[in-house]
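Notes follow the structure.
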Amino acid sequence: MSAPAARPTFAALYTPKLVTVLREGYDLAGLKADALAGLTVAIVALPLSMAIAIASGVGPERGLYTAIVGGFLVSLLGGSRFQIGGPAGAFIVLVAATVAQHGVDGLLIATFLSGLMLMAVGWLRFGIFVKFIPYPVTVGFTAGIAVIILASQLKDLLGLTLGGPEPGELVPKLVALGGALPSLNAAAVSQALLAIFVIFACRKWRPHWPAYLIAVAATAAVCALLALPVETIGSRFGGIPGSLPAPHLPDLSPARVMEMLPAAVSFTLLGAIESLLSAVVADSMSGGRHRSNCELVAQGAANVGSALFGGICVTGTIARTATNVRAGARGPVAGMLHALFLLTFMLVAAPLASYIPLAALAGVLATVAWTMMARDQMMTLLRASRGDALVLAVTFLLVIFRDLSLGILVGFSLGALLFLHRMAQAIEVEGGSPMIEPDRADSDREDGHVPFAKAGPVDRDVAVCRISGAFFFGAAGAVSAALDRLGETPRVYVIDLSDVPVLDSTGATTIEAFARKIARRHAQLYIAGARPAVRHILHSHGVRPPAARFRAKLADALAAARKVGEVAAD
């Protein structure tokens with residue numbers, strides 16, 4: 001029997017990947033590769049960070065603060081070699097709702113608290129549980145977010161003018177936008193379509209070119225040269241600052257903290273899922289392996305840092321992380337340099353951002369939403385099984401029409417119930433009294449495994465039951481019924497648990513109740529093949545000698561049962 005795996009050390013769990021890379025040896029060639037990758041990612045992140053911030057209901061500068069401060073800390077402290085942190089489209093819905101209800105100050109408090117929560121989740125080693133989110137839930141909430149992002153950009157895409165505030169909920173929003181269609185701005189539509197065309201054209205014919213930056217630069221140039229009557233960053237926000245603000249601690253009074261706690265919990269849940277999902281994508285592309293708890297601690301520190309500098313929520317970003325890997329990054333230095341390049345762009349080119357049309361940024365986010373839809377994955381899940389289709393549909397609809405956190409929680413609960421149902425159906429219980437082993441060829445296994453077959457002579461004083469599969473509360477009823485069918489006449493019962501990898505308290509209680517039942521008839525119980533963990537649970541529930549005797553193999557248990565049966569017969 002192999003020795004149990006050693007418990008991971010603190011260093012193995014929380015050493016940043018930056019330290020690991022430096023220990024492996026970091027040379028000038030690695031720095032050049034990381035610098036090129038960091039520059040590539042920064043070019044992609046520049047327009048996206050501003051677009052996501054604007055869609056979230058805050059100024060474009062806050063998106064840059066988030067990418068600079070948060071992105072630097074994620075790479076400095078994180079457990080992934082290639083993770084790129086910054087503002088993400090998945091947060092647009094939550095951030096916009098928080099800003100609308102509590103203002104920017106409330107958003108900063110929630111972001112700060114979420115950072116502390118993420119650090120706590122990482123320190124408590126709960127990162128492993130985030131990986132248990134079912135795939136249909138991930139696809140469903142991502143697709144739901146994509147729909148909401150697209151709906152949130154319709155106003156700027158079409159250049160519409162509303163008579164009042166834009167509603168947050170999807171149906172009222174669409175109704176309000178439909179009523180404002182007469183105010184459609186043809187120039188804004190042309191700029192949005194130009195941005196979308198440039199992005200898809202670059203993806204098709206020049207996939208290595210920075211499509212987002214080219215689209216934004218082209219539309220800004222056209223807008224300035226033709227003096228088009230469209231809204232720009234300058235006309236709505238007055239441009240962006242040319243430097244980072246001084247760090248400032250948000251209002252953490254008890255009343256304000258309690259008020260923002262629900263939003264902070266939502267940020268934490270989504271941030272943990274999104275960041276670890278992005279790290280998994282990076283692992284699949286690079287063949288590496290991230291440290292999930294270390295990554296959560298880094299994400300927490302990044303959110304705290306972002307809030308101090310006036311930024312919004314930080315998480316791992318799948319598109320920018322994938323770009324980082326494809327650009328040839330060697331390690332976290334690329335992510336740190338990406339943040340420094342963004343800072344340089346802001347210091348040098350801040351005045352130029354004033355010319356960027358909002359319709360173009362809306363076009364950028366429209367293409368992001370289209371990519372997020374994961375249409376192929378959705379169709380695969382809808383065809384796979386009714387259960388997966390149900391989880392996907394419920395999550396998708398709840399995210400769109402109710403609440404993101406509710407969609408994740410309900411989808412996860414449905415997925416867990418379906419999994420338990422499938423596991424309960426997978427258990428197999430065979431019962432009878434095949435005590436005499438049939439003849440076997442010399443080539444058959446000689447490891448003590450006895451085929452469970454009702455062949456050969458039968459000993460009516462001995463009954464055997466073989467259980468295969470996870471024996472947990474969902475399968476307890478089926479196993480209990482099978483044990484009852486063994487009858488009351490045998491003097492010895494054998495339960496084969498060789499193929500039971502998992503046993504919970506309900507399963508152990510079922511066997512304990514059976515042991516007490518047959519003990520009242522002065523019958524004996526043998527348990528064969530129980531693994532150490534299974535035997536430990538049985539012992540803790542009172543299934544131990546003399547109530548039950550354990551044997552390592554079914555053959556040994558059958559031999560002991562025969563002897564008991566022979567003595568009883570005499």
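Going from the fewest other Cβ atoms within 10 Å to the most, the residues Val280, Val19 appear in the order Val19, Val280. All C-alpha pair distances within segment 260-383, sorted into 5 Å bins from zero, spread as 2, 8, 12, 19, 20, 19, 13, 5, 2, 0, 0 percent across the bins. Relative to the longest principal axis of the Cα atoms of the chain, the long axis of helix 92-123 lies at roughly 40 degrees.
For the chain, lysine pairs separated by 8 or more sequence positions, or belonging to different chains, with Cα-Cα distances below 25 Å total 8.
Alpha-carbon geometry of segment 227-315: the Rg and the Dmax are 17.8, 51 Å, given in that order.
DSSP beta bridges fully contained in the chain are about 35 percent antiparallel. The ratio of the alpha-carbon radius of gyration of the chain to the globular-protein estimate 2.2 N^0.38 Å is 1.25.
In terms of its C-alpha gyration tensor, segment 138-249 has a rounded overall shape, because the principal axis ratio a/c (a ≥ b ≥ c, square roots of the eigenvalues) stays below 1.5.
Considered as an equivalent ellipsoid built on the Cα gyration tensor, segment 1-152 has semi-axes of 31, 23, 16 Å, the largest given first. Let me know the shape class of segment 35-122, please: from the alpha-carbon gyration tensor, a ≥ b ≥ c as square roots of the eigenvalues, rounded when a/c is under 1.5, otherwise prolate if a/b is greater than b/c, or oblate. Verdict is oblate for segment 35-122. Computed from Cα positions, the angle between helix 135-152 and the longest principal axis of the chain comes to roughly 20 degrees. Axis angle, to the nearest 10 degrees, between helix 386-401 and the longest C-alpha principal axis of the chain: 30 degrees. Listed from fewest to most Cβ neighbours within 10 Å, the set Phe72, Phe472 follows the order Phe472, Phe72. Per-peptide packing, taken as the mean over residues of other Cβ atoms within 10 Å, places 165-171, 302-308, 62-68 in the sequence 62-68, 302-308, 165-171 from highest down.
When a/c is below 1.5 the answer is rounded, else prolate if a/b is larger than b/c, else oblate, so apply that to segment 83-215 with a ≥ b ≥ c taken from the square roots of the Cα gyration tensor eigenvalues. Write down the numbers at each step before the final one.
Numbers: a/c = 2.17, a/b = 1.37, b/c = 1.58.
Because a/c hits 1.5 or more and a/b fails to exceed b/c, segment 83-215 counts as oblate.
Computed from the coordinates by the stated procedures, all read-outs in this text should not be read as laboratory data. The shown structure was predicted, so the numbers you read here are calculated from the model rather than taken from an experiment. As a convention, Cβ positions derive from the backbone with ideal geometry for all residues, glycine included, and neighbour counts pool all protein chains shown.
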